[in-house]
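Working notes for the structure below.
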């Protein structure tokens with residue numbers, strides 16, 4: 001018999017299960033292979049610095065944000081590097097509680113029309129925290145899946161976004177996919193405790 005699911009404690013509290021980011025900020029992979037501060041254009045050098053600041057929580061926010069902004073304003077970035085720089089600046093904004101600006105950077109990621117899994121996972125977490133789960137879902141559905149090692153984060157953010165929209169069947173589906181990809185992933189285990197499979201009564 002087909003089962004459906006419902007949340008036992010749906011939206012009882014404001015936010016108990018944090019959305020997940022990729023383990024490190026990123027920049028276009030091709031840039032890693034060629035990065036050389038002595039030969040890169042100033043725009044690309046700023047993009048590399050932006051990535052470094054996104055990885056380090058101890059950088060003063062004005063310096064970190066300013067460097068990322070300079071990289072974007074100077075142009076001369078290919079689309080993948082521009083997407084990466086917006087995503088890295090979004091991480092910095094998110095770290096300092098500036099969620100509206102983080103979400104704006106993530107919309108710029110979305111508007112580039114590139115399917116970059118790392119950017120989708122990172123920005124879906126920003127959208128969820130900013131109270132915009134529908135945008136998180138749209139971004140993740142339009143993205144390719146990350147590598148097998150990171151795939152559970154893609155599924156978990158989909159579960160959270162559907163949960164926040166009250167779409168509990170879909171949320172439970174992605175919780176199952178999250179735990180199939182990484183059975184010991186504690187945020188998904190905690191969220192799943194609030195779900196109980198039920199069998200519809202026969203009419």
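The values are calculated or read from the model by the stated rules, or taken from the named source; none is laboratory data. Keep in mind that this is a model prediction, so the values were computed, not measured. Heads up, the Cβs are rebuilt from the backbone with ideal geometry, glycines too, and the neighbour counts pull from every protein chain shown.
Data overview
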{"read-out": "Per-region count, segment 157-170, residues buried (at least 20 other Cβ atoms within 10 Å of the Cβ) and out of contact with any helix residue (DSSP H, G or I) (no Cβ under 9 Å at 6 or more places or on another chain)", "value": "0"}
{"read-out": "Residue tally, condition more than 21 Å from residue 189 (Cβ to Cβ) and buried (at least 18 other Cβ atoms within 10 Å of the Cβ), over segment 137-156", "value": "3"}
{"read-out": "Tabulated pairs, segment 182-203, first assigned to a loop (DSSP other than H, G, I, E, B), second at pLDDT below 90, C-beta under 7 angstrom, 6+ apart or interchain", "value": "194/7; 194/8; 194/9; 199/1; 199/3; 200/4"}
{"read-out": "Number of the condition not met by residue 166 [criteria: (1) farther than 25 Å from residue 79 by Cβ; (2) touching a residue at least 60 places away in the same chain (Cβ under 8 Å); (3) not in a loop (DSSP other than H, G, I, E, B)]", "value": "(3)"}
{"read-out": "Options 181, 125; residue that is closer than 19 Å to residue 100 by Cβ, at pLDDT 90 or above and buried (at least 16 other Cβ atoms within 10 Å of the Cβ)", "value": "125"}
{"read-out": "Residue list for segment 177-203, filter: within 19 Å of residue 125 (Cα to Cα) and touching a helix residue (DSSP H, G or I) at 6+ places or on another chain (Cβ under 8 Å)", "value": "177, 178, 179, 181, 182, 185, 187, 188, 189, 191, 192"}
